[in-house]
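**Q** Just passing along the structure, written as structure tokens.
Just so you know, all these numbers are worked out from the coordinates, no wet-lab data involved. What you see is a predicted model; the values in this text were computed from it and never measured. Every residue, glycine among them, receives a Cβ derived from its backbone with ideal geometry; neighbour counts consider all protein chains shown.
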Amino acid sequence: MMALIFDSCTAKVAFMTSQVVPAARGSVKIKKDRNHNYVIQVRLDNLSEVKRLQPARQTYVVWMVSGQEVTKNIGQIHSSSGTFSKNLKASFETVSPVKPYKIFITAEDDVNAQSPGMYIIATDNF
């Protein structure tokens, strides 16, 4: 499943349904800023706490694949449950000088992992 919306240099792509956390829903928004960098915004709902996964991990890491097929750790996604909501919400934002081709999230024991572990949730290619 993929939803692609273009709005003045903005692309929004929905994450595909995950077999590991099937209730998780979210999207990635990519927007080019005035410095010609790419602002990457990730928003997720119902992302299970990473320590509840089997096997349990320490953190969720966001990865980017560039057009040159280079996979890069671009940071840690933080989740929290809202005061008035039982949904676990997660968000992440970063800037990249390179246009993303695909974004995915893995569960890791080390936030500085150099190669991705088990895929949790991913987008299709942009």
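**Q** What FRET efficiency, computed as 1/(1 + (r/R0)^6) with R0 = 25 Å and r the Cβ-Cβ distance, is obtained for HIS36 and THR71, rounded to the nearest 0.05?
**A** 0.65
**Q** Another one. Choose one answer from SER115, SER79, SER66: the residue with the largest mean-square fluctuation in a GNM of the chain with alpha-carbon springs under 10 Å.
**A** Greatest mean-square fluctuation among the candidates belongs to SER115.
**Q** Please give me, ordered by residue number, the GluC sites (Glu not before Pro) of the range 49-126 that lie in loop per DSSP and have at most 10 other Cβ atoms within 10 Å.
**A** Sparse-neighbourhood loop GluC sites (Glu not before Pro): GLU69.
**Q** Explain nothing, just the number: dipole magnitude of the chain about its Cα centre with +1 on each Lys and Arg Cβ and -1 on each Asp and Glu Cβ, in debye rounded to the nearest 20.
**A** The calculated dipole for the chain is roughly 300 debye.
**Q** Which order do SER18, SER91 fall in if you start with the one that has the fewest other Cβ atoms within 10 Å?
**A** Lowest to highest Cβ neighbour count: SER91, SER18.
**Q** Past the 24 Å Cα-Cα mark, which pairs from LYS12/LYS32; LYS12/LYS72; LYS31/LYS51?
**A** Check vs 24 Å cut-off fails for LYS31/LYS51.
**Q** Among residues other than GLU93 whose Cβ falls under 11 Å from its Cβ, what is the net charge (Lys/Arg +1, Asp/Glu -1)?
**A** Summing Lys and Arg as +1 and Asp and Glu as -1 gives +3.
**Q** For the chain, what's the relative contact order in percent, using C-alpha pairs closer than 8 Å and at least 6 residues apart?
**A** In percent, rounded to a whole number, it is 27.
**Q** In the neighborhood of ASN73, defined by Cβ-to-Cβ distances under 15 Å, what is the net charge if each Lys or Arg adds +1 and each Asp or Glu adds -1?
**A** 0
**Q** Here's another thing I want to ask about it. What is the sum of charges, Lys and Arg at +1 and Asp and Glu at -1, for the other residues whose Cβ falls under 15 Å from the Cβ of ASN37?
**A** It works out to a net charge of +4.
**Q** Here are several values of semi-axes √(5λ) of the Cα gyration tensor in Å: [x] 20, 17, 15; [y] 37, 16, 13; [z] 23, 17, 13. Which one was derived from the coordinates shown?
**A** Given [x] 20, 17, 15; [y] 37, 16, 13; [z] 23, 17, 13, the structure-derived one carries the label [z].
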